[in-house]
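The structure under discussion appears below in the form of structure tokens.
The values are calculated or read from the model by the stated rules, or taken from the named source; none is laboratory data. Here the structure is a predicted model, which is why all the values come from computation and not from measurement. Methodologically, a virtual Cβ is constructed for each residue, glycine included, from the backbone with ideal geometry; neighbour enumeration extends over all protein chains shown.
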């Protein structure tokens, strides 16, 4: 708490009381004759503010929480918040109609148990609990302590080198060809869909620095910043891939969801397993690791923030440009 002294010798500070429904911060300046009186006044005001906010219905507190963060949280994060908000409103109206102060750990545990019976994933349930606790804390209440089911260990199959070569041959001249090759170089779906011809340099290096993501209610939006600082990177492309991009005048003709749909149809047509586009990132990490690419170069090529994140997601035998070069040799020899 920053305290200033006025010209009249009194002590003054500004207290943050939360945000209004539009997301605008609510503050109040308090002035007192001494620091002790100022501290006591601040304590009383904050206590009353928390009591007032905790008396709100949970649905209203959740709406206020999301609105307050919409201007500065990522599109995908807000989309996740609103998806949870919609599901809570439609399936758990009694929970949403409770005052924030009356919500107990048992209430949230009952909600979790119902989600488990409806086969919600552990990750999704964790997101729900995280959002509920954030709303409780914002309203001056104690977060709940609940049991969340452990995530099952899923060892997803990834593309084999032979499958990648076969798919690349079958995709020759197809609109999917360029996006799929970029995915095998470690790019994420949103990154691929946001790339423009202007991101490709004369020496075949493409600048990955933004992402196209679906927005709540339909449509897409380009985030003009990368997912993380390490996601902003330069990736060396095989010359033939760079030339294909220049020749067609664009990188990817699909929206993120459209790209997934096109790949599913292609894999189904040629009787491949139902891989995801994201599984190409698994292949990228595994292939580079198997060919002796240093871990730091794999991290840089795929835009991972930390090695622990990469290892936690990719448990297979596992660019800046050394990592890209390893896969580029595969892309060029088919």
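Points to keep in mind about this one:
- Segment 93-141 - residue that is under 19 Å from the mean Cα position of the chain (by Cα) and over 18 Å from residue 60 (Cα atoms) and, of those, surrounded by the fewest Cβ atoms within 10 Å (Cβ to Cβ): 123
- Condition check for residue 110: outside the structural domain of residue 281 (by TED's automatic domain parsing), outside any helix (DSSP H, G or I) and on the phi < 0 side of the Ramachandran plot: no
- Segment 144-159 residues that are modelled with pLDDT of 85 or more, paired with ones that are in a loop (DSSP other than H, G, I, E, B) (beta carbon under 8 Å, 6 or more apart): 144/103; 144/104; 159/275
- Selection status of residue 165, touching a helix residue (DSSP H, G or I) at 6+ places or on another chain (Cβ under 8 Å), surrounded by 14 or more Cβ atoms within 10 Å (Cβ to Cβ), farther than 29 Å from residue 222 by Cα and assigned by TED's automatic domain parsing to the domain that holds residue 218: yes
- Of 73, 79, all but one fail to be under 24 Å from residue 225 (Cα atoms), at pLDDT below 95 and not in a helix (DSSP H, G or I); the exception is 73.
- Condition broken by residue 214, with the remaining ones in (1) surrounded by fewer than 20 Cβ atoms within 10 Å (Cβ to Cβ); (2) at pLDDT 90 or above; (3) closer than 25 Å to residue 171 by Cβ satisfied: (2)
- Segment 238-262: number of residues that are part of a helix (DSSP H, G or I) and closer than 22 Å to residue 197 by Cα: 16
- Residue 271 vs. criteria assigned by TED's automatic domain parsing to the domain that holds residue 229 and in a loop (DSSP other than H, G, I, E, B): yes
- Sole residue being assigned by TED's automatic domain parsing to the domain that holds residue 203, in contact with a helix residue (DSSP H, G or I) (Cβ under 9 Å, 6 or more places away or on another chain), surrounded by fewer than 19 Cβ atoms within 10 Å (Cβ to Cβ) and within 19 Å of residue 198 (Cβ to Cβ), chosen from 235, 222: 222
- Candidates 262, 296, 285, 307, filtered to the one that is under 21 Å from the mean Cα position of the chain (by Cα) and modelled with pLDDT of 85 or more: 285
- Yes/no for residue 39 being touching a strand residue (DSSP E or B) at 6+ places or on another chain (Cβ under 9 Å), at pLDDT below 85, part of a helix (DSSP H, G or I) and not assigned by TED's automatic domain parsing to the domain that holds residue 210: yes
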